[in-house]
1. Quick one: longest stretch of the chain between exposed loop GluC sites (Glu not before Pro), exposed meaning at most 16 other C-beta atoms within 10 Å and loop per DSSP?
2. Could you report the accessible area of residue 90 in Å², rounded to 10, computed with a 1.4 Å probe on the protein chains as they sit in the structure?
3. So, with +1 on the Cβ of K and R and -1 on the Cβ of D and E, and no other charges, what is the size of the charge dipole of the chain about its Cα centre, to the nearest 20 debye?
4. Can you give me the relative contact order of the chain as a percent, contacts being Cα pairs under 8 Å and 6 or more apart?
5. Mind checking the full-extension length gain between residue 84 and residue 30? Use 0.36 nm per residue of separation minus the Cα-Cα distance, one decimal, nm.
6. Can you send over the solvent-accessible area of residue 32, 1.4 Å probe, protein chains only, in Å² to the nearest 10?
7. With the full set of protein chains in place, find how many percent of the accessible area of the chain is carbon and sulfur; take the probe as 1.4 Å.
8. Tell me the per residue accessible area of the chain using a 1.4 Å probe; a whole number in Å² is fine.
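The values are calculated or read from the model by the stated rules, or taken from the named source; none is laboratory data. A quick note: this is a predicted structure, and the numbers were derived from the prediction, not measured. Cβ: placed from backbone, ideal geometry, glycine included. Neighbour counts: every protein chain shown. Just so you know, the surface numbers come from the protein's heavy atoms only, side chains and all, with ligands and any DNA or RNA stripped out. Shrake-Rupley method; radii C 1.70, N 1.55, O 1.52, S 1.80 Å.
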Amino acid sequence: MASYLLDERVDPAAALLEALAYNGIPYRGEKDGVRFVLYDGGRKWETVCRYAPQTVVIYGVYPFPVADKGRALAQINEISATLTRGGFFLAGDRIVLRVSADLFDAYSAQEAITRALEYSAGVMTHFWLAAEACTYETGVFDH
């Protein structure tokens, strides 16, 4: 482990790339972040990470388009109200989960990123069926 000063600012890009390498996650680098695919059983989605000062912002993108944006917004609003971290929004016709990892110090940066990635993956899989239902004209949430 490198030597860190207590007041040293964390480089979000370096911390994220170290965490991805440690966890064996292949990624594609971009100008302002990285992209990679996460899997859970037969479920597969894209994850996009962007950098902010002392923060890594993680976006989980469901692979299917929504059919009814109004219904999808109502559904993801209800789901977002139950989350302890982050929230859902629509980007075009895709449902996206936004979670962030605050990097307070170099000692805990990789752990913070890994925990945020695990939380994101857990939320994406937990609400998969609810998000998928928004791809149909009528869904399981219509009453």
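1. Value returned for the longest uninterrupted segment is 9-136.
2. 40
3. Dipole size: approximately 260 debye.
4. Once normalised by length, the contact order is 25 percent.
5. Contour length minus the Cα-Cα distance gives 16.5 nm.
6. Counting only protein heavy atoms, the figure is 80 Å².
7. Its accessible area is 54 percent carbon and sulfur atoms.
8. Heavy-atom SASA per residue in the chain reads 57 Å².
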